[in-house]
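Let me begin by presenting the structure, written as structure tokens, before commenting on it.
Taken together, the values in this text are just the output of simple stated rules run on the coordinates, not laboratory data. Computed from a predicted structure; not experimentally measured. Because the Cβ atoms are built from the backbone with ideal geometry, glycine has one as well, and the counts that use them run over all protein chains shown.
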Amino acid sequence: MANMPISDIVATTIQNRSRSIADNVTQNNALLTRLNSANNIREISGGTVIFEELSYQENQNFGFYSGYDLLPVAAQSVISAAEFQLKQAAVSVPVSGLEYLQNAGRERMIDLLEARLKVAESTMANKLAAAIYGDGTADGGKSITGLNAAIPTDPTSGTYGGIDRASWSFWRSQAFDANVDGGSTTGITSANVQTFMNALWTKLIRGSDRPDLIVCDNQFWNAFMGSLQPQQRFTDPRSATLGFDSIKFMSADVVLDGGIGGACPANTAFFVNSKYLFWRPHRDRNMTTIGPERRFSINQDAEVQVMGWAGNLTCSGAQFQGRLFTT
């Protein structure tokens, strides 16, 4: 029973830090930072799946009329929902009995836990940030249904959010292959990058709907920056204050998510309309401890606390998202 105070301190510390840990995760990824600023981080309270309501067609009862003309009042089915699975992630914080003895005293134990928790936090932030670019098939299909699923290279096939893209054209994102659609034999370069961006941009505009964030890898970033060399560069102070270098294209921020440990696919830029993307963590599992509060090893002098997260990245408007890439 001598080790029980460790569990109390670890559990309490994680619980007290859960909000700051969640904030650290969002600030570690340009897309999540944008979703946070747009109030598109919405907690869920339960359910077997996450529903994202969407409008898939216009109301056919619209029409012009004159005088006593009959008005159309037929029943309309215009709202449906995409379904996303609840995904889970966890990172453990172990403490051995020897470490407890060596760090006797509350202050010393908190110092040890502070270091351990910082590593756990950064691990959680980095792993979730990388998983956001996945297609949901990693780790046996347990990973986040990320941008590779929401904005694939071939948006005419496959099922996303429970909706078959081959059957429903409204649920297809836009894609532009520099080699196939752009006729480039050299991929994306500083000489052609803005021409290709213009072509994709026009496919993503509907009234006031347009991309507000373009997330790219090293190669795309270098090509875009090279295209701006003869021009003055305009940065967005809002993005800069959040720790991301940003250059404007049209009204969208172009943000590098490459560098060391960048997870954005090579030679790729995602044109994101954050109005239709959502980060949906579970309110009871958003960087909190996973019970039981005390986990003791049967055959070791050690105990573990587990910090967990559950949720997914969801979408309510796939047709407003785009991808520029090279094959």
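Distances between placed amide hydrogens fall under 5 Å for Ile188 paired with no residue 5 or more residues away or on another chain. The Cα center of region 312-327 and the Cα center of region 272-307 differ in position by 28 Å. Candidate cross-link partners of Lys203 among the lysines, defined by an alpha-carbon separation under 18 Å and a same-chain spacing of 8 or more, comprise Lys275. Working from the Cα coordinates of region 124-163, the gyration tensor eigenvalues give, after taking √(5λ), semi-axes of 20, 11, 7 Å in decreasing order.
Calculated FRET efficiency, Val119 to Asn218, Cβ-Cβ distance, R0 = 41 Å: about 0.95 to the nearest 0.05. Working from label points 7 Å from Cα in the Cα-to-Cβ sense, the Gln88 to Ser157 distance is 3.4 nm.
Backbone N atoms of region 136-175 closer than 12 Å to the 7 Å Cα→Cβ label point of Val49 belong to residues 160-164.
The label point for Phe296 and the one for Arg206, both projected 7 Å from the Cα toward the Cβ, are 5.9 nm apart. The length gained by stretching the chain between Ala199 and Asn126 to full extension, at 0.36 nm per residue less their Cα-Cα distance, is 23.0 nm. Between Ala81 and Met225, the C-beta separation translates, for a Förster distance of 41 Å, into a calculated FRET efficiency of about 0.50.
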